[in-house]
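The values are calculated or read from the model by the stated rules, or taken from the named source; none is laboratory data. Just so it is clear, the structure is predicted and the values come from calculations on it, not from any experiment. Here the Cβ is made from the backbone with ideal geometry for all residues, glycine too, and neighbour counts use every protein chain on show.
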Amino acid sequence: MHILDLLQNSIEAGATRIVLRIEENPAQDRFAIFIEDNGCGMDADMLKKVLDPFVTTKKTRHVGLGLSLIQMSTSRCDGYLQIDSTPLVGTAVKVVYRYHHLDRPPLGQISSTVRLMIIANPELDFHYIHRVNDRIFSIATRELITRLGDISLCHPEVIGWITEWITDGITRLYGGACNEND
Amino acid sequence: MKTIEDLKKLREKVQAQTDLRHATGTQIIVGMGTCGIAAGAREVMSALLDEIAKRKLQNVFVRQTGCIGLCEKEVLVDVVRPGEPRISYGNVTPKDVPVMIAEHVVNGRIIEALVVGKFTE
(Lines give C-alpha, C1' and ligand atoms only; values in the text may rest on other atoms or scores of the structure.)
Protein backbone atom coordinates (compact mmCIF):
# COMPACT_ATOMS: atom_id res chain seq x y z
CA MET A 1 0.00 0.00 0.00
CA HIS A 2 2.83 2.38 0.90
CA ILE A 3 4.49 1.56 -2.40
CA LEU A 4 1.48 2.55 -4.47
CA ASP A 5 1.23 5.75 -2.44
CA LEU A 6 4.88 6.61 -3.14
CA LEU A 7 4.46 5.85 -6.83
CA GLN A 8 1.46 8.16 -7.02
CA ASN A 9 3.62 10.90 -5.43
CA SER A 10 6.14 10.42 -8.23
CA ILE A 11 3.44 10.60 -10.89
CA GLU A 12 2.03 13.78 -9.39
CA ALA A 13 5.55 15.23 -9.38
CA GLY A 14 5.40 14.94 -13.17
CA ALA A 15 7.74 11.95 -13.46
CA THR A 16 8.03 10.28 -16.87
CA ARG A 17 10.37 7.59 -15.59
CA ILE A 18 10.06 5.66 -12.34
CA VAL A 19 12.25 2.81 -11.15
CA LEU A 20 10.90 0.63 -8.35
CA ARG A 21 13.41 -1.75 -6.86
CA ILE A 22 12.65 -4.22 -4.08
CA GLU A 23 15.45 -6.16 -2.41
CA GLU A 24 14.64 -8.93 0.01
CA ASN A 25 17.54 -10.47 1.81
CA PRO A 26 16.50 -12.66 4.74
CA ALA A 27 20.08 -13.84 5.40
CA GLN A 28 21.23 -10.26 5.99
CA ASP A 29 17.94 -9.44 7.73
CA ARG A 30 17.24 -6.64 5.30
CA PHE A 31 14.18 -5.63 3.32
CA ALA A 32 14.62 -2.54 1.15
CA ILE A 33 12.44 -0.62 -1.26
CA PHE A 34 13.90 2.01 -3.60
CA ILE A 35 11.86 4.38 -5.73
CA GLU A 36 13.60 6.77 -8.09
CA ASP A 37 11.80 9.24 -10.31
CA ASN A 38 12.63 12.09 -12.64
CA GLY A 39 9.81 14.30 -11.34
CA CYS A 40 9.97 17.92 -10.23
CA GLY A 41 11.92 17.13 -7.05
CA MET A 42 11.95 19.17 -3.84
CA ASP A 43 14.26 21.75 -2.33
CA ALA A 44 15.95 21.29 1.06
CA ASP A 45 13.26 23.29 2.85
CA MET A 46 10.49 21.13 1.49
CA LEU A 47 12.44 17.95 2.24
CA LYS A 48 12.53 18.86 5.92
CA LYS A 49 8.81 19.39 5.94
CA VAL A 50 7.54 16.32 4.09
CA LEU A 51 7.95 14.02 7.06
CA ASP A 52 5.84 16.19 9.35
CA PRO A 53 2.26 14.94 9.12
CA PHE A 54 0.91 18.32 10.19
CA VAL A 55 2.66 20.26 7.46
CA THR A 56 0.90 19.38 4.27
CA THR A 57 1.72 21.45 1.25
CA LYS A 58 -0.59 20.68 -1.57
CA LYS A 59 0.87 23.30 -3.89
CA THR A 60 3.34 21.49 -6.08
CA ARG A 61 3.29 18.09 -4.52
CA HIS A 62 0.57 16.25 -2.76
CA VAL A 63 2.61 14.71 0.04
CA GLY A 64 0.70 14.59 3.29
CA LEU A 65 0.21 11.72 5.64
CA GLY A 66 1.77 9.18 3.28
CA LEU A 67 5.45 9.71 4.09
CA SER A 68 4.93 10.14 7.83
CA LEU A 69 3.06 6.85 7.95
CA ILE A 70 5.97 5.13 6.20
CA GLN A 71 8.49 6.68 8.54
CA MET A 72 6.46 5.46 11.49
CA SER A 73 6.37 1.92 10.16
CA THR A 74 10.10 1.80 9.40
CA SER A 75 11.23 3.19 12.75
CA ARG A 76 9.01 0.63 14.46
CA CYS A 77 11.00 -2.09 12.66
CA ASP A 78 14.55 -0.84 13.31
CA GLY A 79 14.60 0.55 9.80
CA TYR A 80 14.58 3.99 8.25
CA LEU A 81 13.18 6.17 5.51
CA GLN A 82 15.57 8.26 3.47
CA ILE A 83 14.59 10.82 0.87
CA ASP A 84 17.02 12.52 -1.48
CA SER A 85 15.69 15.07 -3.88
CA THR A 86 16.97 17.68 -6.28
CA PRO A 87 14.64 20.28 -7.70
CA LEU A 88 13.98 19.73 -11.43
CA VAL A 89 15.98 16.49 -11.39
CA GLY A 90 13.96 14.04 -9.33
CA THR A 91 13.52 12.24 -6.08
CA ALA A 92 14.91 9.02 -4.64
CA VAL A 93 13.10 7.37 -1.77
CA LYS A 94 14.64 4.52 0.20
CA VAL A 95 12.60 2.50 2.67
CA VAL A 96 14.48 -0.04 4.77
CA TYR A 97 13.17 -2.55 7.27
CA ARG A 98 14.73 -5.34 9.28
CA TYR A 99 13.51 -8.37 7.34
CA HIS A 100 12.70 -10.53 10.35
CA HIS A 101 11.19 -7.81 12.50
CA LEU A 102 7.76 -8.92 13.74
CA ASP A 103 6.16 -5.60 12.90
CA ARG A 104 7.50 -5.38 9.36
CA PRO A 105 4.49 -4.93 7.07
CA PRO A 106 4.20 -7.70 4.48
CA LEU A 107 4.89 -6.76 0.89
CA GLY A 108 1.26 -7.47 0.02
CA GLN A 109 -0.16 -7.78 -3.48
CA ILE A 110 2.80 -6.27 -5.26
CA SER A 111 1.89 -7.97 -8.56
CA SER A 112 -1.37 -6.07 -8.63
CA THR A 113 0.44 -2.76 -8.00
CA VAL A 114 2.99 -3.44 -10.74
CA ARG A 115 0.29 -4.46 -13.20
CA LEU A 116 -1.77 -1.33 -12.74
CA MET A 117 1.29 0.93 -12.83
CA ILE A 118 2.15 -0.45 -16.25
CA ILE A 119 -1.30 -0.71 -17.80
CA ALA A 120 -2.88 2.46 -16.39
CA ASN A 121 0.13 4.69 -17.17
CA PRO A 122 1.15 3.90 -20.75
CA GLU A 123 3.11 7.15 -21.22
CA LEU A 124 5.13 6.48 -18.05
CA ASP A 125 8.36 4.52 -18.35
CA PHE A 126 8.00 2.24 -15.33
CA HIS A 127 10.74 -0.19 -14.45
CA TYR A 128 10.28 -2.84 -11.76
CA ILE A 129 13.15 -4.85 -10.36
CA HIS A 130 12.52 -7.35 -7.60
CA ARG A 131 15.27 -9.37 -6.00
CA VAL A 132 14.81 -12.13 -3.44
CA ASN A 133 18.21 -13.47 -2.36
CA ASP A 134 19.89 -14.20 -5.72
CA ARG A 135 16.74 -14.46 -7.82
CA ILE A 136 15.63 -11.48 -9.89
CA PHE A 137 12.44 -10.56 -11.71
CA SER A 138 12.18 -7.41 -13.75
CA ILE A 139 9.70 -5.83 -16.12
CA ALA A 140 9.72 -2.45 -17.90
CA THR A 141 6.98 -0.55 -19.73
CA ARG A 142 9.40 0.48 -22.46
CA GLU A 143 10.40 -3.09 -23.20
CA LEU A 144 6.75 -4.18 -23.47
CA ILE A 145 5.87 -1.27 -25.77
CA THR A 146 8.84 -2.00 -28.04
CA ARG A 147 7.53 -5.50 -28.55
CA LEU A 148 3.85 -4.56 -28.81
CA GLY A 149 4.19 -1.70 -31.28
CA ASP A 150 0.83 0.00 -31.72
CA ILE A 151 -1.11 -2.57 -29.71
CA SER A 152 -2.47 -0.96 -26.53
CA LEU A 153 -1.27 -2.11 -23.10
CA CYS A 154 -4.96 -2.15 -22.20
CA HIS A 155 -5.88 -4.64 -24.93
CA PRO A 156 -7.64 -7.60 -23.26
CA GLU A 157 -5.10 -10.13 -24.55
CA VAL A 158 -2.23 -7.95 -23.39
CA ILE A 159 -3.76 -7.51 -19.92
CA GLY A 160 -4.02 -11.29 -19.67
CA TRP A 161 -0.41 -11.77 -20.75
CA ILE A 162 1.02 -9.10 -18.44
CA THR A 163 -0.97 -10.42 -15.48
CA GLU A 164 0.36 -13.92 -15.94
CA TRP A 165 3.91 -12.76 -16.68
CA ILE A 166 4.11 -10.74 -13.46
CA THR A 167 2.40 -13.35 -11.28
CA ASP A 168 4.61 -16.15 -12.63
CA GLY A 169 7.75 -14.05 -12.32
CA ILE A 170 7.13 -13.08 -8.72
CA THR A 171 5.98 -16.59 -7.78
CA ARG A 172 9.28 -17.95 -9.05
CA LEU A 173 11.18 -15.47 -6.87
CA TYR A 174 9.70 -17.15 -3.82
CA GLY A 175 10.39 -20.63 -5.14
CA GLY A 176 6.81 -21.35 -6.16
CA ALA A 177 4.76 -19.61 -3.47
CA CYS A 178 2.46 -16.75 -4.50
CA ASN A 179 3.96 -14.40 -1.94
CA GLU A 180 6.28 -14.43 1.03
CA ASN A 181 3.47 -15.49 3.36
CA ASP A 182 2.51 -18.68 1.54
CA MET B 1 5.81 -20.95 -19.22
CA LYS B 2 5.54 -17.51 -20.80
CA THR B 3 8.47 -15.87 -22.48
CA ILE B 4 8.92 -12.26 -23.48
CA GLU B 5 8.96 -13.44 -27.11
CA ASP B 6 5.26 -14.35 -26.74
CA LEU B 7 4.49 -10.66 -27.04
CA LYS B 8 5.57 -10.60 -30.67
CA LYS B 9 3.22 -13.45 -31.51
CA LEU B 10 0.48 -11.81 -29.50
CA ARG B 11 1.03 -8.59 -31.44
CA GLU B 12 0.70 -10.35 -34.80
CA LYS B 13 -2.40 -12.18 -33.63
CA VAL B 14 -4.07 -9.04 -32.32
CA GLN B 15 -3.17 -7.07 -35.45
CA ALA B 16 -4.78 -9.73 -37.60
CA GLN B 17 -7.97 -9.61 -35.54
CA THR B 18 -8.30 -5.86 -35.41
CA ASP B 19 -9.85 -4.76 -38.67
CA LEU B 20 -11.94 -1.96 -37.19
CA ARG B 21 -9.77 0.93 -36.05
CA HIS B 22 -11.44 3.35 -33.70
CA ALA B 23 -9.79 6.70 -33.27
CA THR B 24 -11.07 6.99 -29.73
CA GLY B 25 -12.18 4.54 -27.11
CA THR B 26 -13.88 4.62 -23.75
CA GLN B 27 -11.72 5.92 -20.93
CA ILE B 28 -12.09 4.69 -17.37
CA ILE B 29 -10.24 6.82 -14.83
CA VAL B 30 -9.65 5.71 -11.24
CA GLY B 31 -8.70 8.11 -8.42
CA MET B 32 -5.51 6.84 -6.80
CA GLY B 33 -4.40 9.48 -4.31
CA THR B 34 -3.67 8.38 -0.73
CA CYS B 35 -7.43 8.63 -0.08
CA GLY B 36 -8.41 6.49 -3.08
CA ILE B 37 -5.81 3.84 -2.28
CA ALA B 38 -6.95 3.71 1.34
CA ALA B 39 -10.55 3.29 0.18
CA GLY B 40 -9.63 0.33 -2.05
CA ALA B 41 -8.75 1.87 -5.43
CA ARG B 42 -6.22 -0.85 -6.19
CA GLU B 43 -8.83 -3.58 -5.81
CA VAL B 44 -11.28 -1.63 -7.99
CA MET B 45 -8.58 -1.11 -10.63
CA SER B 46 -7.71 -4.83 -10.55
CA ALA B 47 -11.38 -5.73 -10.96
CA LEU B 48 -11.62 -3.39 -13.97
CA LEU B 49 -8.56 -4.90 -15.68
CA ASP B 50 -9.80 -8.44 -15.01
CA GLU B 51 -13.25 -7.62 -16.38
CA ILE B 52 -11.82 -6.04 -19.55
CA ALA B 53 -9.65 -9.12 -20.12
CA LYS B 54 -12.51 -11.50 -19.35
CA ARG B 55 -15.01 -9.80 -21.65
CA LYS B 56 -12.31 -9.20 -24.28
CA LEU B 57 -13.19 -5.52 -24.57
CA GLN B 58 -11.13 -3.62 -27.09
CA ASN B 59 -10.84 0.17 -27.15
CA VAL B 60 -11.37 0.53 -23.43
CA PHE B 61 -8.53 2.32 -21.66
CA VAL B 62 -7.99 2.39 -17.92
CA ARG B 63 -6.05 5.31 -16.46
CA GLN B 64 -5.14 6.43 -12.98
CA THR B 65 -5.33 9.92 -11.56
CA GLY B 66 -4.61 11.60 -8.22
CA CYS B 67 -6.84 13.06 -5.53
CA ILE B 68 -9.51 15.42 -6.88
CA GLY B 69 -10.71 16.62 -3.47
CA LEU B 70 -13.73 14.38 -3.02
CA CYS B 71 -11.89 12.05 -0.64
CA GLU B 72 -15.04 11.08 1.27
CA LYS B 73 -16.57 9.63 -1.90
CA GLU B 74 -13.58 7.48 -2.85
CA VAL B 75 -13.18 5.13 -4.66
CA LEU B 76 -14.04 7.47 -7.53
CA VAL B 77 -14.28 6.06 -11.04
CA ASP B 78 -14.97 8.20 -14.10
CA VAL B 79 -16.29 6.75 -17.32
CA VAL B 80 -15.92 8.76 -20.53
CA ARG B 81 -17.50 7.31 -23.65
CA PRO B 82 -16.48 9.08 -26.84
CA GLY B 83 -18.73 12.09 -27.48
CA GLU B 84 -20.59 11.67 -24.19
CA PRO B 85 -20.34 13.58 -20.88
CA ARG B 86 -17.82 12.40 -18.31
CA ILE B 87 -19.67 10.48 -15.61
CA SER B 88 -18.19 10.25 -12.09
CA TYR B 89 -19.15 7.35 -9.90
CA GLY B 90 -18.47 7.44 -6.15
CA ASN B 91 -18.02 4.86 -3.38
CA VAL B 92 -17.24 2.24 -6.00
CA THR B 93 -16.34 -1.26 -4.81
CA PRO B 94 -14.98 -4.20 -6.84
CA LYS B 95 -18.44 -5.77 -6.88
CA ASP B 96 -19.83 -2.71 -8.74
CA VAL B 97 -17.30 -3.21 -11.52
CA PRO B 98 -18.99 -5.96 -13.60
CA VAL B 99 -22.27 -3.97 -13.56
CA MET B 100 -20.49 -0.76 -14.52
CA ILE B 101 -18.72 -2.44 -17.42
CA ALA B 102 -21.85 -4.21 -18.67
CA GLU B 103 -24.28 -1.33 -18.26
CA HIS B 104 -22.30 1.81 -18.96
CA VAL B 105 -19.12 0.88 -20.82
CA VAL B 106 -20.69 -1.70 -23.13
CA ASN B 107 -24.32 -0.60 -23.35
CA GLY B 108 -24.11 3.12 -22.61
CA ARG B 109 -26.63 3.03 -19.76
CA ILE B 110 -25.56 5.27 -16.88
CA ILE B 111 -25.96 3.76 -13.38
CA GLU B 112 -27.73 6.71 -11.74
CA ALA B 113 -27.56 5.26 -8.20
CA LEU B 114 -23.75 5.54 -8.14
CA VAL B 115 -23.33 8.88 -9.96
CA VAL B 116 -21.72 11.75 -8.04
CA GLY B 117 -21.15 14.10 -10.97
CA LYS B 118 -21.48 14.67 -14.71
CA PHE B 119 -19.20 16.91 -16.73
CA THR B 120 -19.40 17.97 -20.31
CA GLU B 121 -15.91 18.66 -21.56
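One line per residue, one yes/no per condition, for (1) assigned to a helix (DSSP H, G or I); (2) at pLDDT below 85; (3) over 20 Å from B:H104 (Cα atoms):
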| residue | (1), (2), (3) |
| --- | --- |
| B:K9 | yes, yes, yes |
| B:E12 | yes, yes, yes |
| B:A23 | no, yes, no |
| B:Q27 | no, no, no |
| B:R42 | yes, no, yes |
| B:A47 | yes, no, no |
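Scanning region B:86-118 for residues that are exposed (fewer than 14 other Cβ atoms within 10 Å of the Cβ) and of a type in the set (S, T, N, Q) gives B:T93, B:N107.
Based on this model, can you work out whether B:V97 counts as modelled with pLDDT of 95 or more and part of a strand (DSSP E or B)? Taking the combined requirement at face value, the residue does not satisfy it.
Taking the residues in region A:128-156 that are assigned to a helix (DSSP H, G or I) and buried (at least 17 other Cβ atoms within 10 Å of the Cβ) as candidates, determine which candidate is farthest from the other protein chains (Cβ to nearest Cβ).
In the first step, residues of region A:128-156 are kept if they are assigned to a helix (DSSP H, G or I); the result is A:141-148, A:156.
Still in the list and also buried (at least 17 other Cβ atoms within 10 Å of the Cβ): A:141, A:144-145, A:148, A:156.
On the way: A:T141: 13, A:L144: 7, A:I145: 10, A:L148: 5, A:P156: 4 Å.
Ranking the candidates gives A:T141 first.
Screening the candidates B:I28, B:I101 for the property of being within 13 Å of chain A (Cβ to nearest Cβ), in contact with a strand residue (DSSP E or B) (Cβ under 9 Å, 6 or more places away or on another chain) and under 25 Å from A:L6 (Cβ atoms) yields one hit, B:I28. Can you give me the number of residues within region B:68-87 that are farther than 11 Å from B:I29 by Cα and outside any loop (DSSP other than H, G, I, E, B)? Residues that pass the stated criteria total 3. Which residues, taken from region B:53-90, are closer than 20 Å to A:Q109 by Cα, of a type in the set (A, V, I, L, M, F, W, C) and either under 11 Å from the mean Cα position of the chain (by Cα) or at the interface with chain A (Cβ under 9 Å from one of its Cβ atoms) (or both)? The answer is B:A53, B:V62.
Restricting region A:159-174 to residues that are aromatic (F, W, Y) and at the interface with chain B (Cβ under 10 Å from one of its Cβ atoms), which is nearest to A:A140 (Cα to Cα)?
So in region A:159-174, the residues aromatic (F, W, Y) come out as A:161, A:165, A:174.
Imposing the further condition that a residue be at the interface with chain B (Cβ under 10 Å from one of its Cβ atoms) reduces the set to A:161, A:165.
Numbers: A:W161: 14, A:W165: 12 Å.
Step by step, filter region A:159-174, then rank; the result is A:W165.
Within region B:83-98, the set of residues being touching a strand residue (DSSP E or B) at 6+ places or on another chain (Cβ under 7 Å) and of a type outside the set (S, T, Y) comprises B:P85, B:R86, B:I87, B:G90, B:V92. Just one of (1) crowded, with 16+ Cβ neighbours inside 10 Å; (2) within 23 Å of A:G149 (Cβ to Cβ) fails for B:V75. It is (2). Check region B:15-34 and report whether any residue there is surrounded by fewer than 17 Cβ atoms within 10 Å (Cβ to Cβ) and touching a Ser or Thr at 6+ places or on another chain (Cβ under 6 Å). Checked against the condition, which is being surrounded by fewer than 17 Cβ atoms within 10 Å (Cβ to Cβ) and touching a Ser or Thr at 6+ places or on another chain (Cβ under 6 Å), region B:15-34 yields no hits at all. Restricting the search to helices (runs of 4 or more DSSP H) fully inside region A:29-127 and requiring at least 2 residues that are modelled with pLDDT of 90 or more, under 30 Å from A:V158 (Cβ atoms) and of a type in the set (V, I, T) gives A:110-119.
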